[in-house]
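The values are calculated or read from the model by the stated rules, or taken from the named source; none is laboratory data. Small disclaimer: the values here were computed from a predicted structure and weren't measured. Counting neighbours? That spans all protein chains shown, and the Cβs are built from the backbone with ideal geometry, glycine included.
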Amino acid sequence: METAGKQSIDGSNCWCGGGLCMNRKAIISGREYALLEIVPSLDGGRALLLCEDENGKRAVCSEPLWRSCALTDVQSAPVHAHSSSQEKIEYFLSVFKGREDVYARRYHSTTTGKNGYTPVCKNEWVHSLCDKKKYKCAECPNREFRPLTADVVKAHLIGRDSLCRDVAAIYPMLEDNKTWLLAADFDEENWKLDVTAFCKSCKEAGLVPAVERSRSGNGAHVWFFFSEPVSAADARRLGTGLLTGTMSCRHELSFSSYDRLFPSQDIVPKGGFGNLIALPFQGQAQKDGNSLFVDDRFEPYPDQWAFLSSLPKITPEQLEEALRKLCHHGDMGELADAEEKQLPWKRKRTKTKLTRRDFPLQVRLHHSNLIYVEKKGFSQGALNTLKRLAAFPNPEFRSKQAMRISVYGVPRVLDCGYEDEEYIGLPRGCMDEILGLLDQYEVPVVLEDHRSPGHSIDVKFNGVLRPEQEPAARALLDADTGVLSATTAFGKTVIGSYLIGQRKVNTLVLVQSSALLEQWKSSLEQFLNIHDVLPEPPKKRGRKKKQHLIGQIGSGKNTRSGIVDIATMQSLLEGGEKSVKSFVAEYGMVIVDECHHVAAFTFETVLKAVEAKYVYGLSATPVRKDGHHPIIFMQCGPVRYLVDAKSQAESEDSPT
């Protein structure tokens, strides 16, 4: 082994050798270590560092870890606290680089209390030139934007305005779809735990993150700087890959983290600049210890300028290497597949790096409105894999980005799951995947069924199925959940009536319009003979409502019988459409008609409140135009029987 470390010639606190130059001291896990030796890799990989703590105990660490924890020597840093104001501002402008033709400044309305950021324009509010109602700033014919200058940065750093209206922000996305930097935003309740896990992933990938506590102190930006402009797409793949890796060791990190990257999309949107990010070192915020770079304990570095100017920048070669490590299975990892959700026979085993040791000795599942999985005994990686069974890429994000439309407010991943401290809740349609995953690792399962069996009803099907309808009905009756995908002329309402006649439990039929409600009422009255006795209505003053065995909820009526009811989706929402009427959980069977047409939010909200043992969807096509059809299969189950237009036409043409 060759000793590569030698003290530098200039006498500073650096240790140079083996082509590397390192600070001599670092604080790792709360202990101060001194660098003894740099050991070069024999295969051309990263060097290892031999170090010693104050008690003489020796340890080995990686180069990135040492750099991230190093105690910066003020004299060796390019810029430090004792540098001139001009040197600091020049360095600040050289690091925080975005578009050079425009920057944004924070505003605060003393009238409304609203605040935000707006591009700085010479003609803003000039009566004859500025028409914000007619034009977006980026498309205004009279725009005359101001660039980020030394004077602007100076005002930003000093922070004389008590309302922070001198805070500057940049647009990281350049006009050629490249960027000098990448930042990830963390602002949820446990942001410190999220940031700590994320930084661990960064160091494992050989990257040195810079953590800035936010202006409010209730979140953080994690910054990366590139040695030259790189494509925004590659920078974002880096951020996404790091987040995906973090989720495997901290499953609590939400999928919305993918939406909080700067830049926020790969291509500059038409008529816009992309998202902006407020710059650090904000004068007012610094007084509270915020908008500063912090260490592993979230304490500000003593010399902010020395820390910032000592940060290594990521070269294109390092970026390429990191992407190769992080994104070899895709930057967002394994998510639910739309086709596999739709067609169970095309389902593949989930690819994971898990082992039997990642699971408890036995798993307990509670089946109700969701499938609740007890988290105790699962590893972080296994919990992350479970969560991903109920999440899928949002096609709307991809299409808007491809058309250069702003993706503001459009989530990159749609998550249909639920989580609290004890349970992960997954939609009923994920049951096969859950059991398949557990079976793959030979994990015993205890299933507790809390679904509502409803109550029995005295009903008979008053009709005869056509030959082509019989296998469809059998396929649905063979399972507790599922979707029948068949053309309009197939007679799906007849199949629904048959299911009610066979299951003989109180049933709720969900439709999306008043017209469909009337169609179903007519069909059920024709094909069902119901002999149940209506419950005694509650005593109320005024005119009594006429009761019906087949009730109606919606379209101006509420004649719910609790036996067989038809309801429009919208009529079941209450509390500003945030909650669902409680009686929805009382039925033993729920049938959703034209489930591919129902608005995804309304559909999911109502179906999550359903506790019925039997849940079926009827649809003319299993595909939604917005690409959100996995939600249908998660809530109703996979396609159990598929009839395409060609098969239906052949059936109609065949002799009887």
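Points worth noting:
- The conditions of being under 30 Å from the mean Cα position of the chain (by Cα) and among the hydrophobic types (A, V, I, L, M, F, W, C) are met by TRP180.
- Scanning segment 563-582 for residues that are at pLDDT below 95 and in a loop (DSSP other than H, G, I, E, B), we see that the one that is farthest from ILE457 (Cα to Cα) is GLY576.
- Segment 106-132 - residue that is touching an Asp or Glu at 6+ places or on another chain (Cβ under 8 Å) and more than 23 Å from ALA232 (Cβ to Cβ) and, of those, modelled with the lowest pLDDT: CYS130
- Total residues in segment 176-221, condition of a type in the set (Lys, Arg) and in a helix (DSSP H, G or I): 3
- Counting only helices (runs of 4 or more DSSP H) that sit wholly inside segment 249-343, those with at least 1 residues that are surrounded by fewer than 18 Cβ atoms within 10 Å (Cβ to Cβ) and out of contact with any helix residue (DSSP H, G or I) (no Cβ under 7 Å at 6 or more places or on another chain) are 316-326.
- For segment 445-456, the count of residues that are crowded, with 22+ Cβ neighbours inside 10 Å and in contact with a Ser or Thr (Cβ under 6 Å, 6 or more places away or on another chain) is zero.
- Flag if GLY436 is of a type in the set (Gly, Ala, Ser) and part of a helix (DSSP H, G or I): yes
- Checked against (1) over 30 Å from ASN23 (Cα atoms); (2) basic (Lys, Arg); (3) at pLDDT 95 or above, LYS88 meets all criteria but (1).
- Yes/no for LYS504 being on the phi > 0 side of the Ramachandran plot, surrounded by 14 or more Cβ atoms within 10 Å (Cβ to Cβ) and modelled with pLDDT of 95 or more: yes
- Verdict on PRO172 being touching a Leu at 6+ places or on another chain (Cβ under 7 Å) and in a loop (DSSP other than H, G, I, E, B): yes
- Count of residues meeting criterion [surrounded by fewer than 17 Cβ atoms within 10 Å (Cβ to Cβ) and within 20 Å of GLY98 (Cβ to Cβ)] in segment 186-227: 1
- Enumeration of residues in segment 507-521 that are assigned to a helix (DSSP H, G or I) and either touching a helix residue (DSSP H, G or I) at 6+ places or on another chain (Cβ under 8 Å) or on the phi > 0 side of the Ramachandran plot (or both): GLN519, TRP520
- ALA155, sole failed condition from (1) more than 34 Å from the chain's Cα centre (by Cα); (2) part of a loop (DSSP other than H, G, I, E, B); (3) not basic (Lys, Arg): (2)
- Matching residues, segment 79-92, being surrounded by fewer than 16 Cβ atoms within 10 Å (Cβ to Cβ) and either touching a strand residue (DSSP E or B) at 6+ places or on another chain (Cβ under 6 Å) or closer than 23 Å to PHE262 by Cα (or both): GLU90
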